[in-house]
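Right, one structure below, let's go through it.
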Amino acid sequence: MAAATRFLMRRPTAIFLNASRLDYDKALDFSRLSTLTELTLNEVDAMTDANEIAEKVIASNAEIVITKEMELPLAAIEQFPSSVRLFCEAGTGYNNIPIQFLRSRQIDVCNIPTYSTESVAHMVITYIMNFSAAIFPQAKMLHEGNQSNFRVFQHPIYEITSKKLGLIGGSGTIGTAVMDVALPLGMEVLVSSRSGRLPSGHKYENNPKVRVVPLDDLLKSSDFVSINCPLNNETRHSIGSREIRLMKPTAFLINTARGAIINEAELIECMKENVIAGAGLDTQETEPPKQDSDLWKLDNVFLTPHIGWRRLETRQRLVDMTTDNIESYINGQLKNVVN
């Protein structure tokens, strides 16, 4: 579409439907985006009602709609006014958006593929460090008033040098960033890949500490298994009971990608049986898990509320990169288009 027909005004109207998901502490600077657009910040964490979503978009006469990790019902999009020309996912994953239907409405969709690379990679390493030093169970004991660990130490702890880290989806951007930290710590890295090799030109293609192996071999050999692949039809529930039971009983499973990559019902049963030493889940299939979920109750499952992307600098970078996408759109040069 030509730049002259792509927008109707110098400052297109824009609405961020769930701005509080990103700016929950009112610490972010939207001034550049506000200069580029006539911006409405809808200060809620999420919206689920299709009619309410449509009403907000219609009332703002939005040309640009922005969301952060919010399910966008098809029934809402069907009511979008013809003014909507661009949909911005303020994040990496876009499995929550019916992108092909948006395309059929000639609404472009863009995302931010790299804003949280280092932050999420550091989240993986944070879990590894905590597991290796048994920080979680020790903190739980103290919280419960149990100081006995200071007299007779009761938890296995160990160095991570020479331990094996298995990366599922490890040849991508975040997996590579995890390697950037794990390798200097002395870890060996196993990467699962159907091709049997890292992409040509990958920075660790010839590193003897990095090996590409079949998934089953990775699961059997790794001391830590980190999930870093995208969620799609192929990866949904791809890690379940069979895969977990291949892991060492001393191993830990870490998920900072998307919760639904793990079959949670099967994970819960495995954790009840102590099949592996522990699981660290920064993402869950339902965020937060349902109140009656056994995930809350298991002593060997450690939950964080999807904080891999929540660091202040990471969130500001996300605002800035979303603004970059919108500025490119205004100039008739779309980037990071996913549909």
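I want to confirm something. Restricting to the range 267-304 and keeping residues that are among the charged types (D, E, K, R), outside any loop (DSSP other than H, G, I, E, B) and out of contact with any helix residue (DSSP H, G or I) (no Cβ under 6 Å at 6 or more places or on another chain), which single residue is nearest to H155 (Cα to Cα)? Here the answer is K272. Just so you know, in the range 39-61 the residues that are open to solvent by 30 Å² or more (accessible area, probe 1.4 Å) and assigned to a loop (DSSP other than H, G, I, E, B) include one that is farthest from R21 (Cα to Cα), and it is N61. Might you let me know whether the range 129-139 holds any residue that is at pLDDT 95 or above, buried (at least 21 other Cβ atoms within 10 Å of the Cβ) and closer than 30 Å to S162 by Cβ? Checked the range 129-139: at least one residue is at pLDDT 95 or above, buried (at least 21 other Cβ atoms within 10 Å of the Cβ) and closer than 30 Å to S162 by Cβ.
Modelled with pLDDT of 95 or more, among the small types (G, A, S), open to solvent by 30 Å² or more (accessible area, probe 1.4 Å) and in contact with a helix residue (DSSP H, G or I) (Cβ under 9 Å, 6 or more places away or on another chain) - does that describe any residue in the range 217-238? Yes, the range 217-238 contains at least one residue that is modelled with pLDDT of 95 or more, among the small types (G, A, S), open to solvent by 30 Å² or more (accessible area, probe 1.4 Å) and in contact with a helix residue (DSSP H, G or I) (Cβ under 9 Å, 6 or more places away or on another chain). For N149, the conditions (1) part of a helix (DSSP H, G or I); (2) closer than 30 Å to V319 by Cα; (3) not hydrophobic (A, V, I, L, M, F, W, C) all hold with the exception of (2). Taken over the range 242-266, residues that are of a type outside the set (A, V, I, L, M), at pLDDT 95 or above, part of a loop (DSSP other than H, G, I, E, B) and buried (at least 21 other Cβ atoms within 10 Å of the Cβ) amount to 1.
Kindly list, by first and then second residue, each pair from a residue in the range 286-305 that is touching a residue at least 24 places away in the same chain (Cβ under 8 Å) to a residue that is in a loop (DSSP other than H, G, I, E, B), limited to pairs with Cβ atoms under 6 Å and residues at least 6 apart or on different chains. From the range 286-305, the pairs are E287/H306; L295/P289; T304/D282. Selection over the range 187-212 of residues that are open to solvent by less than 20 Å² (accessible area, probe 1.4 Å) and either at pLDDT 95 or above or in contact with a Cys (Cβ under 6 Å, 6 or more places away or on another chain) (or both) gives a count of 5.
If I filter the range 305-339 down to residues being among the polar types (S, T, N, Q) and in a helix (DSSP H, G or I), which single residue comes out as nearest to I66 (Cα to Cα)?
By that ranking, first place goes to T322.
Just to be sure before I move on: is T161 open to solvent by 50 Å² or more (accessible area, probe 1.4 Å), assigned to a loop (DSSP other than H, G, I, E, B), under 30 Å from I330 (Cβ atoms) and in contact (Cβ under 8 Å) with a residue 12 or more places away in the chain in the structure I sent? In short, no. Among the residues of the range 279-300, the ones that are more than 16 Å from R242 (Cα to Cα) and open to solvent by less than 70 Å² (accessible area, probe 1.4 Å) come to 12 in all. Among the residues making up the range 64-98, those that are open to solvent by 10 Å² or more (accessible area, probe 1.4 Å) and part of a helix (DSSP H, G or I) are L74, A75.
For the range 164-186, which positions are modelled with pLDDT of 95 or more, part of a loop (DSSP other than H, G, I, E, B) and among the small types (G, A, S)? Residue satisfying the conditions is G186 alone.
The values are calculated or read from the model by the stated rules, or taken from the named source; none is laboratory data. Remember, it's a predicted structure, so these values are computed and weren't measured experimentally. Positions of Cβ are generated from backbone atoms using ideal geometry, with glycine treated the same way; all protein chains shown enter the neighbour counts. In case anyone asks, the SASA skips ligands and DNA or RNA and just uses the protein heavy atoms, side chains included. Shrake-Rupley method; radii C 1.70, N 1.55, O 1.52, S 1.80 Å.
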